[in-house]
Amino acid sequence: MAEQIHKSDVAGTTWDPNQYLKFADHRLRPALELLNRVPLEAPQVIYDVGCGAGNITRIIADRWPSATVYGMDNSSEMLEKAAAVPSGIRWIQDDVMTWTPPEPPGLIYSNAALQWVDGHEDLFPRLIGLLPTGSCLAVQMPLSWGMVSHRLMRDTLSDGGPNRAPIGSESLRVAMARKWVEDADIYYDWLASRVSHLDIWETEYVQVLQGEDPVLEWVTSTGLRPILNGLDDADRDIFLNTYRQRLRTAYPMRADGHTLYPFRRLFIVAVV
Ligand SMILES: C[S@@+](CC[C@H](N)C(=O)[O-])C[C@H]1O[C@@H](n2cnc3c(N)ncnc32)[C@H](O)[C@@H]1O
């Protein structure tokens, strides 16, 4: 079995719930589209894995008011924010790689979280193995590795320093070079023989963003965090100066002041 590491471990990352929630509308849409494809009438026990600040968890709890709903995350910052809003949701701090649900799940839902966890070849069958017959796993993950914004992160770490020198440590560059989410056919091969119903699809959202450097703002709350946390102050400045310019060229502001940021996402709904 491959050693299980988390992308967020690479640089001892912390989450900033407020930065993450800045683009709440764009982030909400795929979460709801995933939820709408869950083919269950009334799951009794639901887990929102990697629940973050709990925004989606509360929507899940509203959709199935008689269910017991758990929000699970390994970030105390996110859970603190989640628990600050009164609700009947049970918040638990745990790591999805080693987590065991306290009650048998009817639904394990995970939006925009599992891309931070390595070892999907083991993780996905493990999650399916936690499900009793008739229950469901629903997952959405960004397919960001191939996107220009993320390629430019890797390029800038490799050649963005003075005299086109690499920036930061070799281990950071290696971690950022990893493709953390596989293509859809790989998940199909891992899951198809283990489930009774499997729905897999991809959607590219042409996100219309506002502001001076909106793509930089976007990635600052997610994919750029391991780099920002993994560089010292001087290297972070060098990185950001080059990266910001490259993003402005790759994603030019339109005549009306908006910036288009196409963003691709993978969805998986599996019923056992
Ligand atoms: C991008 S946020 C998504 C939050 C929420 N699902 C949403 O859609 O708004 C990713 C979340 O995954 C959590 N996470 C990352 N690795 C995790 C792990 N190994 N176990 C549990 N949660 C994890 C992070 O702490 C973070 O709150």
With all protein chains present, the stretch 158-244 has a carbon and sulfur share of its accessible area (1.4 Å probe) in percent of 46 percent
For Y243, the accessible surface traced by a 1.4 Å probe with all protein chains present amounts, in square angstrom to the nearest 10, to 0 Å²
Here the averaged projected area of the stretch 146-272, based on the convex hull of its alpha-carbon atoms and given in nm², is 9.4 nm²
Rounded to one decimal in nm, the spacing of the 7 Å Cα→Cβ label points at D199 and T98 is 3.5 nm
By the Kirkwood definition, with r running over pairs of different Cα atoms, the stretch 122-212 has a hydrodynamic radius in Å of 16.4 Å
Total charge of the residues flanking M72 in space, meaning their Cβ is under 11 Å from its Cβ, with Lys and Arg +1 and Asp and Glu -1, is -3
Per the rule of 0.36 nm per residue minus the C-alpha distance, extending L32 to R164 adds in nm 43.2 nm
tail above 14 Å in the computed P(r) of the stretch 48-127, as % of all Cα-Cα pairs, reads 59 percent
Cα convex hull volume per residue for the stretch 7-271, in Å³, equals 126 Å³
With the 1.4 Å probe rolled over protein heavy atoms, the chain has an accessible area per residue in Å² of 46 Å²
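The values are calculated or read from the model by the stated rules, or taken from the named source; none is laboratory data. Being a predicted model, the structure only gives us computed values, none of them experimental. For neighbour counting, all protein chains shown are included, and Cβ atoms are generated from backbone atoms with ideal geometry for every residue, glycine included. All accessible areas refer to the heavy atoms of the entire protein, side chains included, with ligands and DNA or RNA removed. Shrake-Rupley method; radii C 1.70, N 1.55, O 1.52, S 1.80 Å.
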